[in-house]
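Asker: Got a structure here, written out as structure tokens. Questions coming.
The values are calculated or read from the model by the stated rules, or taken from the named source; none is laboratory data. Worth saying up front: this structure is predicted, and the values here are computed from it rather than measured. No Cβ is skipped: glycine too gets one built from the backbone with ideal geometry, and neighbour counts run over all protein chains shown. When the accessible area is computed, the model is the full protein with side chains, heavy atoms only, and any ligands, DNA or RNA have been set aside. Shrake-Rupley method; radii C 1.70, N 1.55, O 1.52, S 1.80 Å.
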Amino acid sequence: MSLLNTPFDPAHEAALVTGAGNGIGRAIAQALVGEGVRTVFADVNRETVTAAVQASPRPELAVPWVCDLADPGACDALLAEAQSAVGQVTHFVHSASPPRREADHALAVSRETWEQMRAVNVDAGFHLARELARKLIAAQQPGSFLFLTSLHAGTPRNLPHYSTSKAALAMLVKELARTFGRFGIRVNALVPGAIAAGGFVADPALARHIPLGRLGRSEDLAPMALAVLSNRVSAYVTGAAIVVDGGLSLTNWFDPPALDDL
Ligand SMILES: NC(=O)c1ccc[n+]([C@@H]2O[C@H](COP(=O)([O-])OP(=O)(O)OC[C@H]3O[C@@H](n4cnc5c(N)ncnc54)[C@H](O)[C@@H]3O)[C@@H](O)[C@H]2O)c1
């Protein structure tokens with residue numbers, strides 16, 4: 001049997017993807033559905049999440065759920081709904097993140113914007129992962145969780161609410177991986193580079209700094225997300241930060257060699 005033929009076990013596995021209405025979350029949720037995995041698409045935007053479900057390879061396996069993840073009560077309702085809609089959630093992807101606005105630098109960002117970013121990225125990510133883990137532990141089932149972090153977990157972005165929330169998520173991945181490992185629940189981070197996905201309005205000139213010569217697309221993230229999420233492909237991977245950036249993070253103050261004579 002081919003190793004990569006059946007990465008998932010749809011009879012016993014189901015997924016919940018936050019931020020599934022747009023960009024990277026949407027691409028991952030649709031890819032999971034394409035693998036036959038029943039998946040809850042959670043997002044604050046009713047229109048986009050409905051469209052994402054309809055455009056799925058198998059819409060009958062996709063369940064839309066509209067909620068504001070900044071509201072802890074909405075997270076509880078999502079947990080209850082996910083279980084009744086798709087059964088025990090074994091695979092969790094946290095991709096939701098409020099919009100990034102370049103104007104929100106350290107002297108400008110409002111308290112409300114700061115708290116919204118933390119509430120969606122960190123608080124909801126922690127709360128959802130912990131409650132899903134409790135259910136899996138009680139049922140003695142393995143699981144796989146994936147958090148979308150960022151290169152800006154480690155380097156400034158001029159958006160302190162965003163970079164600090166991603167740094168917090170990067171540590172949360174390590175904490176949860178260590179605590180949940182003994183129960184067969186793996187927790188990893190997916191670290192995108194510059195992905196022209198909706199949440200990031202990319203200047204095409206940025207491609208000059210990317211060794212693979214182009215900005216990323218959401219579809220560049222989905223195959224790696226599936227590989228890390230799969231308990232068959234990545235059974236021994238936990239606490240890892242998987243960078244998918246076309247080499248962007250290799251850029252520094254030295255330009256690559258000119259190689260004019262080749
Ligand atoms: N695009 C990039 O270049 C890039 C780079 C590094 C990290 N990331 C991370 O990857 C993830 C996806 O990025 P993207 O560019 O696809 O983002 P995006 O803005 O296109 O999608 C984010 C989704 O989250 C949803 N969302 C926002 N607030 C919400 C809330 N309160 N409750 C529920 N849903 C909410 C939005 O409606 C949207 O559909 C994010 O966590 C982002 O930080 C993206």
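Asker: Under 15 Å from the 7 Å Cα→Cβ point of Val201, by amide nitrogen: which residues of the range 86-113?
Answerer: 99-105
Asker: If you don't mind, another one. Taking the chain as a Gaussian network, Cα atoms linked when under 10 Å apart, which of Ala197, Ala177, Ala74 shows the biggest mean-square fluctuation?
Answerer: The residue that fluctuates most here is Ala74.
Asker: Give me the one-decimal nm value for the distance between modelled label points at Ala77 and Met224, 7 Å along each residue's Cα-to-Cβ direction.
Answerer: 3.5 nm
Asker: Find how much the distance from Ala139 to Glu102 grows on full extension, using 0.36 nm per residue of separation minus their present alpha carbon separation; answer in nm with one decimal.
Answerer: On the way: separation 37, 0.36 × 37 = 13.32 nm, distance 4.46 nm.
Working it through step by step, the gained length comes to 8.9 nm.
Asker: Using r as the Cβ-Cβ distance of Arg178 and Asp260, and R0 as 51 Å, what FRET efficiency do you calculate, to the nearest 0.05?
Answerer: Details: r = 49 Å, r/R0 = 0.97.
So, using R0 = 51 Å, E works out to roughly 0.55.
Asker: Shape call for the range 14-247 from the C-alpha gyration tensor, a ≥ b ≥ c root eigenvalues: rounded (a/c under 1.5), prolate (a/b greater than b/c) or oblate? Each step should come with its number before you reach the end.
Answerer: Values: a/c = 1.36, a/b = 1.32, b/c = 1.03.
Cα axes put the range 14-247 in the rounded bin.
Asker: Most mobile of Ser144, Ser56, Ser84 per a Gaussian network model of the chain (Cα springs, under 10 Å)?
Answerer: Ser84
Asker: Picking from Arg186, Arg38, Arg157, which is most flexible by a Gaussian network model of the chain using Cα springs under 10 Å?
Answerer: Evaluated over the chain, the most mobile residue of the options is Arg157.
Asker: Also, quick follow-up: Is the range 28-90 best put as rounded, prolate or oblate by its Cα gyration tensor, with a ≥ b ≥ c the root eigenvalues, rounded for a/c under 1.5, and otherwise prolate when a/b is larger than b/c, oblate when not?
Answerer: Because a/c hits 1.5 or more and a/b fails to exceed b/c, the range 28-90 counts as oblate.
Asker: Right, next: Measure out, as a whole number of angstrom, how far apart the alpha-carbon centroids of the range 134-205 and the range 21-45 sit.
Answerer: 17 Å
Asker: In square angstrom, what is the accessible area per residue of the range 14-247 with a 1.4 angstrom probe? All intermediate terms of the calculation are to be shown ahead of the outcome.
Answerer: Details: 10410 Å² over 234 residues.
Dividing the accessible area of the range 14-247 by its residue count gives 44 Å².
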